[in-house]
Structure formats: C-alpha cells, structure tokens
Amino acid sequence: MPGLEGPGPVVGSAMQSQPRPSMKEHRQPDTPVPVRVCVRLRPCSKDSEPCIRGLDSRSLELVNWRNAKETFKYQFDTFYGDTATQQDVYCSSVQPILHHLLQGQNASVLAYGPTGAGKTHTMLGSPQQPGVIPRAVRDILHMVREAGCWPDGHNCSYSVSMSYLEVYQEKVLDLLEPSGRDLVLRETPDHSIMVTGLTERELSSFHDFEKHFLSASRNRTVASTGLNSRSSRSHAALVLRVAQSRPLVPARSAKLQLVDLAGCEDNRLTGNCGLRLRESSVINTSLLVLGKVVDALRLGQPRVPYRDSKLTRLLQDSLGGSAHSVVIAHVAPEQRFYFDTLTTLNFATRSKQVVNKPFAPEALPEPAAEKTLQKENSGKQKQSTSKEGPLVAEKPLGALLPLDQLEPSLVQRVLRLEELERQQGAGHRGLPLLGTPKAERKALLRCLEETQAELEKLLELLNHGSTRELLSLKRIGPRTAELIMAWREQHGPFVTLQDLQRMETMTAKKVATLIKANTLDCIQMLLPPGPSALSLFS
C-alpha cells in the first residue's frame, strides 16, 4: 500500500534497528505468556478527516460517533502511527519472539483488520519496503547458521523448511503444490495442529525461499473490490519450521506461523455481488468465530469453539495454545471505516487478555497413556516366568477409539474397561473382567477395529452417499438429508462427524444420537458380558 512508510518511528528509540536475536541471551519462560497486541494506523487519505489519533507509543483515542466531543481511549503493547516504517514494526514486535524457535517453542504472528487497512503490506511489503515475512526468513536463516557455529553447538545441526497454505471458503489449500484438494487438520499428541498432506520445502538460503514463495503467492486467491484492487479472498499462512538434532538428545522442532488474515468486509462499501459476496460471507463468518474463540479464552469458558471454523482450528496453537503470539491489528483512519475500526480495536482489546502456555516438546509431562503402559510393563515383567512368557504392552483402549465421536456415556464405559485392564495388569484379583486377559484383550481390540471401521464408513456415506443412501441411515429424515446434500455442495466434505453440528438444526445432542444409532451394534460389543461386569456401568 503506497504511503504507509514514513520518515520516522512513532515509538521512540525502541523502534530503531536492533541486532538479530541470539539464543544465548534468553531463558525459557516458566510462566504463561499473554498474547502481545499492537495496532498499526494506515495513513489517512487527503479528502477525509481522521476519526482516530495516537496519544503516545502505546495509546490512541477514537472519536465517539454519537458525540464528537468525546473519545474512546485504548492502550496496547505498542501503537504504530501513520509514520511508522516496516522496520519499526518488525524490530519492535516480531523479531523479539524469533529466538524461541531455537529453544523448541512455537511462535506466531497474526495480521488482523478490515479490508484495505494494510495487512498484506505489513506482512509482505515490497522490494523497497520488505515486510514481516521476508525479514523473518532472513533472520531465522541467520540464527540457524550462527547457532551451528557456537562452541557448545558444534554437534548440533539445524534445518529450516517452509509450507504455505490458504483457507478459502472453508477449505485448506496447498499453495506450494496446488491441487484443489481440501487438506485435513489434525491434532498431534502434544496438542499442536498439523495439516496432513501439506507440501514442505527445505530452505538453505534466502534465494530458495524467494523461488518457492513468489511462485506460491501467485496461487493465492485475490480479486478486485470497491475498496481494494487486489483484495485477499482467503486467509493465508506461511509456516516456517526449524528442526534441531544432536547426538544422544531427543530431536526437537518448532514452527513460526505468519498469518495474513483476510479482512472483514462491509459489502455496502465493497459493492460485492455473486461469488465475491459469497466469499465475503465466509470470511466474515470465520472472523466472527475467531472473536468467539478469543472471548471463550479470556472468560475461561470450558468449551472453546476452535472446531467451528477451519481458520480457528488452524490458529489453535496461536490463541490459547503453545505459541508466543503477536497480533498486529490494522486500522484505517477515515470516517467511512469508523465501525470497522471500532470493531478491530475492540477485538484487539479482548485479545490482550488471552494467555498462551509455550513449552519445548522435550519438557512435556509424561502422557497418561505412557504411564499406563509403563505400569503394565512393570507388572508383566514380574510374570515373565509364566507359561505364556513375557507379555508385550499394547496401547490402552481409549487411545484406539475416537472418543470425541462417541456419546459421553459410551466414552465412560470404554474408559472404565481401560481402568479394569490396567488394574488387572498390575496384579489385582477378584475383578469381574479376569479369566483369560490375553484373549479378552484380543476380542476387545477386534471390536475396536470394527467400531473404527463403522465410524469411517458412516463418515464416507455422509460425504459421498446419495439422498437415498442418506435416508437409509437411522435418525436421518428427508429434511436432514437435504441439508447434508446442500452443505456438501457449498462447503465440501465433512472432516469429522462432529462437523455435522455446523449445519442448521443439528445440535451436539442430535449428532451424538445419530452416531450412536448407526454404530450401536458394534459399540455394544465393547461391553463385557455378565451382570457383574455390566453393573460397573450403571
């Protein structure tokens, strides 16, 4: 965006050029870290009066639209006025979090704001005014080379790789190798979010990055609107992964997620219609869910609606997760953008109250499943002289079954079975699930495999079945079948069975009932026979 650069910083000496981050100068934090929030003000056009002005390096005020003599005052970690440069923003807000990558901790930068407020300029910039993304890549490559030259790091090797994706109309699309296929988001054992099937390219120099990124950027969906000749029609995320390995020490990796969010749009100003209007509707809906996630986190609500949108699912690490996060909120000063500016400032204010909990992967507490297996191993080693010989530990039942897709009462039954197995493996006697433990476990595992197959078959039918096939399922009538067909045509296939909740009239209770009705016969096989065992689940 022309004119966004100015002659000098607005926040004083703290904004001057800083040395590149060094891992030696920092310690791993022991306490939760709040999300850092800064606001950047775009220069005002000549034919308009500004409705917002900066007070100092952290504060600003917005005119009260009801009474021009009153103002709303806001304070953030940093405020960048219309004369702040690209270097000011990067050195003050982004560069200080990069050293965490070499410590195995994730980091994230989010550019938020209405369309035309300068988000893409801040993230990408231009050859003359490079933005956050090219500056961060240069610094990370420099950090990796520097770390490999330290006296205490001569046996440590680093590698840097990149992935680039967009979320367009609730589909996650690969920009490095575009195929049009909707990629699946999955959660790893350490609760980090990964994108299955996403292309990854290794970087050995900045030239490698330019070669991959410039071609991939042309694949991002952009279009002309009434406010922006190249308006982003999707949310884009560049993921830089830093992997570290050394002899006799567990390998670890961390990622930096640089996210250029599509702008919320007032279609009265953009003049959108047809496809542009549908795109705008999806963008605004995903940003609405993002606001709900922030509210749920700051209020400590038991359920955070990450799964209500592909965008919020992708940002699960960044908001309330394991990353050191920075939100750069962009605002436009013109009066016609007043309510967009007000909404953005209120979102930024709420985001300040979100707290993340960064950690290095090797510092993770021991998973409960591993503890269970270790207890089983220790108990079974004592029986190594028995006729059957030493038993090999297997995964707990709860780890094999997709518990998040079952009704809570059935989940409790499976977990109780797992507890009985654990107790039996530790040598307890007199429990109703004794007899032939090895045969019992094999039978249960067969039942679990059949249950998994039933759930996958149900999801496949919901995604590809005809109306007649959908009606053959229990708890699905003509109206629900019609809604499913319409949803698939507009949004694509369901990723999980829980996605059914996003359809009109489908509540969590209805989805659980549908799953239970269509997989009940297989799930019932998980229950141990006999009244004594069944009484455990009453």
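The values are calculated or read from the model by the stated rules, or taken from the named source; none is laboratory data. Being a predicted model, the structure only gives us computed values, none of them experimental. No Cβ is skipped: glycine too gets one built from the backbone with ideal geometry, and neighbour counts run over all protein chains shown. Surface accessibility is based on the protein's heavy atoms, side chains included, excluding ligands, DNA and RNA. Shrake-Rupley method; radii C 1.70, N 1.55, O 1.52, S 1.80 Å.
A few comments on the model shown:
- Unique residue being modelled with pLDDT of 90 or more and out of contact with any strand residue (DSSP E or B) (no Cβ under 7 Å at 6 or more places or on another chain) when the list is E146, E177: E177
- Candidates T480, T451, T519 - the one that is polar (S, T, N, Q), open to solvent by less than 60 Å² (accessible area, probe 1.4 Å), in a helix (DSSP H, G or I) and at pLDDT 80 or above: T480
- Of the strands (runs of 3 or more DSSP E) that lie entirely inside region 19-133, those containing 2 or more residues that are assigned by the TED database to the domain that holds C264, touching a His at 6+ places or on another chain (Cβ under 9 Å) and at pLDDT 90 or above span 36-41, 106-112.
- For region 301-308, the count of residues that are modelled with pLDDT under 95, out of contact with any helix residue (DSSP H, G or I) (no Cβ under 8 Å at 6 or more places or on another chain) and open to solvent by less than 60 Å² (accessible area, probe 1.4 Å) is zero.
- Residues of region 322-353 satisfying the condition of being surrounded by 21 or more Cβ atoms within 10 Å (Cβ to Cβ) and over 23 Å from K46 (Cα atoms): S322, A323, H324, S325, V326, V327, I328, A348, S351
- Residue list for region 211-226, restricted to those being at pLDDT below 80 and open to solvent by 40 Å² or more (accessible area, probe 1.4 Å): V222, S224, G226
- Considering Y112, Y80, the condition of being in contact with a Cys (Cβ under 8 Å, 6 or more places away or on another chain), under 17 Å from V326 (Cβ atoms) and surrounded by 19 or more Cβ atoms within 10 Å (Cβ to Cβ) is satisfied by Y80 alone.
- If you filter region 307-341 down to residues that are in a strand (DSSP E or B) and over 14 Å from L261 (Cα atoms), you find that the one that is farthest from the chain's Cα centre (by Cα) is E334.
- Entry remark, region 481-520: residues being closer than 24 Å to Q452 by Cβ and not hydrophobic (A, V, I, L, M, F, W, C) number 14 in total.
- Test for T513: is it over 26 Å from the mean Cα position of the chain (by Cα) and outside any helix (DSSP H, G or I): no
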